[in-house]
Ligand SMILES: Nc1ncnc2c1ncn2[C@@H]1O[C@H](COP(=O)(O)OP(=O)(O)O)[C@@H](O)[C@H]1O
């Protein structure tokens with residue numbers, strides 16, 4: 001089955017279910033696929049070099065069998081699963097692979113990948129973890145290195161006009177994603193949290209402009225269809241570590257709650273901020289990827305008091321909660337995720353201070369013990385009812 | 001709410017408990033959930049109805065709780081054991097601030113403020129630190145579970161149990177037995193280990209107010225003592241620590257009906273027919 005005849009929700013579902021489907025079709029047409037990890041490798045540079053970006057993810061439905069021969073089991077399960085999928089040939093359409101120093105796990109991941117997979121092209125962007133005056137210069141240098149590496153590999157130069165054009169293409173997609181999220185401000189929301197995640201994941205596995213067309217179709221469909229998610233008592237926001245499947249959200253939405261907003265990297269974190277138009281377009285890209293993506297991997301220089309620091313770090317979540325009429329927030333994290341785990345105490349303190357009920361929900365990547373998780377969420381819903 | 005009857009049924013991993021409430025407890029039955037009784041939630045209910053001397057049709061609202069709650073076809077509503085335990089505890093101890101519940105397959109801590117649940121913690125992923133752990137070890141020791149508490153109080157040198165895993169702890173116990181360590185010292189050591197785990201779990205909630213200990217394990221006097229020594233204060237225990245969940249379920253049902261009547265809304269109830277419950 002091909003994706004050519006599919007549109008809107010159906011297309012997103014199909015690509016969500018078979019992540020490599022579109023990429024394999026494109027490869028057969030002679031297109032080059034560049035795998036990337038996380039939300040930090042600037043996609044404008046990848047599409048500017050005529051690569052189709054493909055977000056590499058793990059899968060909770062695939063038992064890890066091969067990757068254990070490479071990395072020990074105490075590390076991030078999502079990375080283990082991603083490597084496992086690749087070692088089993090699920091990503092064999094990829095020409096290259098790019099990672100950035102987003103969380104510390106990924107610092108070493110690119111080389112392990114190179115060692116195990118030996119793709120024609122690998123690149124690691126060693127981006128700074130702090131947002132200070134000189135971090136921007138440093139990050140810009142690393143991005144120029146990335147650009148040069150791709151240029152050397154393809155034998156083609158990437159000029160300013162092309163980067164500017166790519167910025168417009170990606171910003172258009174970001175605007176459409178924000179429009180899609182607006183549909184969940186309604187009560188009841190016009191699409192479910194699980195549908196939304198399917199769409200986000202599908203978008204990351206297909207060409208950008210094609211994804212934008214799909215988004216427009218989905219928005220039209222959502223506005224005109226009569227069978228949205230229906231009435232429920234509680235509206236939740238989901239914060240936390242990456243999700244590669246909809247199972248967790250589906251479990252939550254099988255209860256009396258909608259997931260109406262998120263702060264995850266297969267959601268708002270990936271799409272929220274635009275790249276500003278700057279005379280050197282690289283400056284806008286640098287600013288957006290280093291300081292506008294709100295992921296706990298970034299350390300932001302603290303203000304004088306705890307209150308001020310919390311407000312500057314988490315104020316955007318308060319705005320999300322207000323605009324999406326959120327009743328409670330689930331701070332979810334997969335086990336072994338240091339990046340998110342260390343953020344939980346401050347977040348809990350912040351939500352307590354602003355009076356928004358929050359619960360920390362830790363889960364196994366495979367969603368083992370789902371019944372117990374469900375029981376916790378149910379109890380949380382009873383508490384905030 | 002004169003003349004109205006409310007039923008609460010708590011299907012736990014080990015025990016099924018039913019309360020029939022109408023201005024006081026009219027029926028109270030505790031029966032096993034176990035494999036051979038898995039279909040018998042309705043029989044426990046029938047026993048409770050017989051005690052209350054009412055037919056099932058006379059029950060105004062039925063709330064099911066406990067981990068088997070979704071499998072009670074005759075319940076009008078399902079509510080988690082967190083909310084039900086808290087409500088049941090508040091009925092017996094209005095000043096309760098913290099509930100520590102240790103049942104057959106889980107242990108939980110619940111924090112209460114202004115008559116509401118404000119936070120909770122749970123260990124429900126592993127048998128370690130639960131009543132099941134004690135049952136397994138009791139069997140290994142050849143001691144009746146009911147005698148574990150009184151026996152442990154005779155201990156002179158309680159042993160240290162270092163494994164938290166049920167299987168490994170069992171091995172440890174076997175080797176201690178072979179070393180000739182008195183059974184009561186071993187049991188006291190086990191209670192110490194489980195109480196320590198429960199205490200550390202509940203401490204995440206910043207323990208405040210009166211502490212009430214519920215669940216089947218609260219029947220074990222050795223556990224009560226061990227928990228008190230960790231807490232550094234007495235714990236409160238219901239006369240029947242098994243029934244707080246079912247009690248809370250009945251009372252929450254009553255409140256739902258009252259609320260509906262106040263607001264003039266109709267409340268949906270199921271057809272009053274006792275059918276076999278599927279627990280597994
Ligand atoms: N009379 C007793 N003395 C000591 N322990 C008991 C007694 N009755 C039950 N228990 C303990 O209580 C546990 C069952 O507790 P319960 O709260 O009913 O669990 P659940 O709700 O999971 O069925 C048993 O595993 C056992 O350890």
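Read-outs throughout are calculated quantities, based only on the coordinates presented, and are distinct from any laboratory measurement. The structure displayed is predicted, hence computed values, not measured ones. Cβ: placed from backbone, ideal geometry, glycine included. Neighbour counts: every protein chain shown.
Suppose we keep just the alpha-carbon trace of region A:186-282; what are its Rg and Dmax in angstrom?
Computed over the Cα atoms of region A:186-282, radius of gyration and Dmax are 15.0, 50 Å.
How far is the Cα center of region B:211-246 from the Cα center of region A:19-66, in Å?
56 Å
Can you pull the semi-axes for region A:16-105, root of five times each eigenvalue of the Cα gyration tensor, sorted largest first, whole Å?
Details: eigenvalues 107, 55, 19 Å².
So the three semi-axes of region A:16-105 are 23, 17, 10 Å.
Find how many whole Å separate the alpha carbon centroid of region B:38-73 from the alpha carbon centroid of region B:109-143.
Distance between centres, Cα-based: 24 Å.
If you fit an axis through the alpha-carbon atoms of helix B:41-52 and take the longest principal axis of the Cα set of chain B, what angle between them do you get, 0 to 90°, nearest 10?
That helix lies at roughly 70 degrees to the long axis.
Can you compute the modelled spin-label distance between residue A:292 and residue B:179, with each label point 7 Å from Cα toward Cβ, in nm?
Between residue A:292 and residue B:179, the simple spin-label model gives 6.5 nm.
Could you tell me, in Å, what Rg and Dmax come out for the Cα atoms of region A:240-385?
Answer for region A:240-385, Rg first and Dmax second: 16.5, 54 Å.
With both partners inside region B:1-104, how many of the DSSP beta bridges are antiparallel, as a percent to the nearest 5?
60 percent
Please pull out the direction-averaged projected area of chain A, using the convex hull of its alpha-carbon atoms, in nm² to one decimal place.
Values: hull surface 74.1 nm².
Over all viewing directions, chain A projects a mean Cα-hull area of 18.5 nm².
Quote the FRET efficiency, to the nearest 0.05, computed for residue A:10 versus residue A:369 with a Förster distance R0 of 35 Å and r equal to the Cβ-Cβ distance.
Numbers: r = 33 Å, r/R0 = 0.94.
Efficiency at R0 = 35 Å is approximately 0.60.
With springs only between Cα atoms under 10 Å apart, run a GNM on chain A and tell me which of A:131, A:98, A:334 wobbles the most.
Comparing A:131, A:98, A:334 in the GNM, the peak value goes to A:131.
Kirkwood hydrodynamic radius of region B:95-231 from all distinct Cα pairs, in Å?
Values: mean 1/r = 0.0667 Å⁻¹.
After inverting the pairwise mean of 1/r, the radius is 15.0 Å.
Would you calculate a helix-derived [θ] at 222 nm for chain A, using -39,500 (n - 2.57) for each DSSP H run of n ≥ 4 and dividing by the full residue count, to the nearest 500? Each step should come with its number before you reach the end.
Values: 16 runs with 187 residues, N = 385.
After summing the helix terms and dividing by residue count, I get -15000 deg cm²/dmol.
Order these by the 10 Å Cβ neighbour count, fewest first: B:201, A:94. Show your work: numbers first, answer last.
Values: B:201 18, A:94 24.
Exposure proxy ranking, most exposed first: B:201, A:94.
Relative to a virtual label point 7 Å from the Cα of residue A:25 in the Cα→beta-carbon direction, which members of region A:201-222 show backbone nitrogen distances below 20 Å?
Answer for this model: A:201-221.
In square nanometres, what is one fourth of the surface area of the convex hull spanned by the alpha carbons of the protein assembly as shown? Mind dumping the intermediate values first?
Numbers: hull surface 135.2 nm².
Computed as one quarter of the Cα hull surface, the answer is 33.8 nm².
Rounded to the nearest 5, what % of the DSSP beta bridges within the protein assembly as shown are antiparallel ones?
Working: 25 of 72 bridges.
Approximately 35 percent, going by the DSSP bridge assignments.
Which of A:2, B:130 comes first, and how do the rest follow, when ranked by fewest Cβ neighbours within 10 Å?
Details: A:2 9, B:130 27.
By the 10 Å Cβ count, ascending, the order reads A:2, B:130.
Can you quote the Å³ per residue value for the convex hull of the Cα atoms in chain B, rounded to an integer?
Details: hull volume 34.5 nm³, N = 280.
That works out to 123 Å³ per residue.
Sort A:342, A:336 so that the residue with the fewest other Cβ atoms within 10 Å of its own Cβ comes first and the one with the most comes last.
Working: A:342 10, A:336 19.
The fewest-first ordering by Cβ neighbours comes to A:342, A:336.
So what is the relative contact order for region B:95-231, in percent, with contacts set as C-alpha pairs under 8 Å and at least six apart?
Details: 237 pairs, mean separation 48.5, N = 137.
That works out to 35 percent.
Give me the distance between the Cα centres of region B:1-20 and region B:82-103, rounded to whole Å.
Cα centres, region B:1-20 to region B:82-103: 16 Å.
What's the angle, to the nearest 10 degrees (0 to 90), between helix B:131-141's Cα axis and the longest principal axis of chain B?
Helix B:131-141 and the main axis of chain B meet at about 40 degrees.
From the P(r) of region A:119-227, could you give the percentage of C-alpha pairs in the tail past 21 Å? Could the numbers behind the result be given before it?
Working: 3313 of 5886 pairs.
I get 56 percent for the Cα pairs in region A:119-227 exceeding 21 Å.
Would you mind checking the tilt of helix B:81-92 against the longest principal axis of the Cα atoms of chain B, expressed as 0 to 90 degrees and rounded to 10?
Orientation of helix B:81-92: about 90 degrees from the principal axis.
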